[in-house]
Amino acid sequence: MEDPADLVSFYDEAYSSEPTEAALYARWRALGAVGKAEHVIALCARAGVRPASTLEVGCGDGALLSELHRRGFGGALSGVEITDAAVQIARTRSEIEAVDLYDGLHLPVPDGTYELGILSHVLEHVPDPAALLAEVARACRAVIVEVPLEANRSARRAGKRAHAAEVGHLQRLDRSAARQIVVHAGLSIAAELEDPLPLAVHLFFATDPGARAAATAKWAVRAALYRLAPPLARRTFTLHYACLCLPPVA
C-alpha cells in the first residue's frame, strides 16, 4: 500500500463503514485517545513545552484533539488528514479550530507556524517516516511521535502480520528504529516513554465473560513482565512508544 492513492482509498473506506461498525470504531478511537492524550501531556511536562497552538498530522476523526481540549491542553487545536471522510467527521467537533485535507507529506504553512505537532500512530503507515517527521518539524517547533513497537515475537505471528497489513502498517519498528527515524529527520529526543497499554484497551473487544477473563489475564501478564523486565517485554509483545522531538540547538 505504498501508493498514496491506495492509502487514501484505504482510509476513506475505514471512516465510511456502516453505522453500527462506525460507532464501534469511534468508541475505540475515543478510548485510544485517552492514553494518547496522557502521553502528549506527560512528554510536554517533562520537556517544559506549553503549547499555545497544536497541529495533529493524521488527526483521523479528531478524537485525540478533542481529548486534549477536554483536558484544557494544547491551545488552539488544528488537524490535517489525507482522507475527506475523516476530515468531514473531525470538522463536526467545534472544539477543533480547523481541519484540512493535505497530500500526506507537504504542509502548506510557513516554518514554525505551530508550537506543537503531533504524529500519533502515523509514521508506521508511511513509506518515508523521516521525511514526514522533518516536514512536521519544519511547521511545528516541537513534535510528539507515537508508534507501536511491532518488531517482537508476538507481532511476528502470521495472524498479527496479516492484521498489521490490513490496517496499513508499512513499518515494523523497535525502539531503536523509532529513535533512528528521529535522527534521520534531523531532530533530537527531549523526552520519551513506553506504554504496555491499560486494561481497558485489552477488554474493549472482549464481549463475553470468558473473553474478558482471558483479556484480563493477558493484560496482567504483560504489565507484570514490563514492570519486572522491560527489555524482555519489548522482545515479546507490542508496546507503544512516544517521544517529544526538538530541532538541534544552534
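Taking all Cα pairs closer than 8 Å and separated by 6 or more residues, the relative contact order of segment 50-119 comes to 40 percent. A cut-off under 9 angstrom between Cβ atoms defines the neighbours of Ala233, and their net charge, with Lys, Arg +1 and Asp, Glu -1, is +3.
Ratio of segment 112-182's C-alpha Rg to 2.2 N^0.38 Å, to two decimals? For segment 112-182, the normalised Cα radius of gyration is 1.20. Oblate is the label for segment 186-230, because a/c, from the alpha-carbon gyration tensor with a ≥ b ≥ c as root eigenvalues, is 1.5 or above and a/b does not exceed b/c. The charge dipole of the chain, taken about its Cα centre with unit charges on the Cβ atoms of Lys, Arg (+1), Asp and Glu (-1) only, comes to about 1460 debye.
Secondary structure note: in the chain, about 45% of the DSSP beta bridges are antiparallel. Peptides 182-188, 203-209 ordered by packing proxy, namely the average of other Cβ atoms within 10 Å per residue, highest first: 182-188, 203-209. Note on the chain: helix-only mean residue ellipticity at 222 nm, from DSSP H runs of 4+ residues weighted -39500 (n - 2.57) and normalised by residue number, equals -14500 deg cm²/dmol.
Against the set [x] -0.90, -1.18; [y] -0.97, -1.30; [z] -1.06, -1.24, the structure's computed log10 I(q)/I(0) by the Debye sum over Cα atoms at q = 0.14, 0.16 Å⁻¹ falls on [y].
All of the numbers you see were taken from the coordinates with simple rules; none came from a lab. Predicted model, so just to flag it, every value in this text is computed and none were measured. Cβ atoms come from the backbone with ideal geometry, glycine included; neighbour counts cover every protein chain shown.
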